[in-house]
Amino acid sequence: MTGKNFLNRVAKGKKDIIQILLSILQRTDCAYCVIDGFGVNAYAEPVVSLDLDLVVVADRISDIQAIARAEGMKVEEFEHSVNLSMHGSDLRVQLQKDNRYQDFLPHREQRNVLGYTMSVAGLHDVLRGKVWAYSDETRRKSERQKDLSDIMRLVEAHPELRGRLPSKIASLLE
């Protein structure tokens, strides 16, 4: 079974929402990069996630929304994100609107994530995003614990990253 088949089976996907999204991004010629859990999966042993978080060029989000709707996706806009989903798949796509993440785009690189070739934020940027997420005390404790676990996965796979961690987080990994 391929990574794609596995992920779509876990997501109960009748349609391959990731491939549809990648096609939309290609048709709009929109620069993007994967962050968060899928981003971590590009640099460490993969863990299954039903959330695909991306950064796209900020002024292209409305183009992506329009095509996503035309492809049958549900589009929901929130303060810090645009969420895409599709009937027949449990996978959720989140387009990040937080401007801090725009700096990740120039450092993106092509990586294979569970059978999909996609642009992923650079290793240091993936770590930085996870540190931001963990440090956000408004997030649920369970989300922050997952962020800490992702940080730990990255540091175990790339020990040189330990020096980039805030001391408070580094001490939690001891």
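Screening Gly72 against (1) farther than 19 Å from Phe38 by Cβ; (2) modelled with pLDDT of 95 or more; (3) touching a His at 6+ places or on another chain (Cβ under 8 Å) leaves a single unmet condition, (2).
The set of residues in the stretch 18-51 that are under 13 Å from Leu91 (Cβ atoms), in contact with a Gly (Cβ under 8 Å, 6 or more places away or on another chain) and modelled with pLDDT of 90 or more contains only Asp51. Restricting attention to the stretch 9-45, the residues being under 18 Å from Asn112 (Cα atoms) and outside any helix (DSSP H, G or I) number 8. Filtered by the rule that a residue be within 17 Å of Arg162 (Cα to Cα) and aromatic (Phe, Trp, Tyr), the stretch 100-148 gives Trp132, Tyr134.
Of the residues making up the stretch 46-60, one or more are in a strand (DSSP E or B) and surrounded by fewer than 22 Cβ atoms within 10 Å (Cβ to Cβ).
The values are calculated or read from the model by the stated rules, or taken from the named source; none is laboratory data. Just so you know, these numbers come straight off a predicted model, no measurement behind them. Neighbour counts are summed over all protein chains in view; Cβ atoms, including those assigned to glycine, are modelled from backbone coordinates with ideal geometry.
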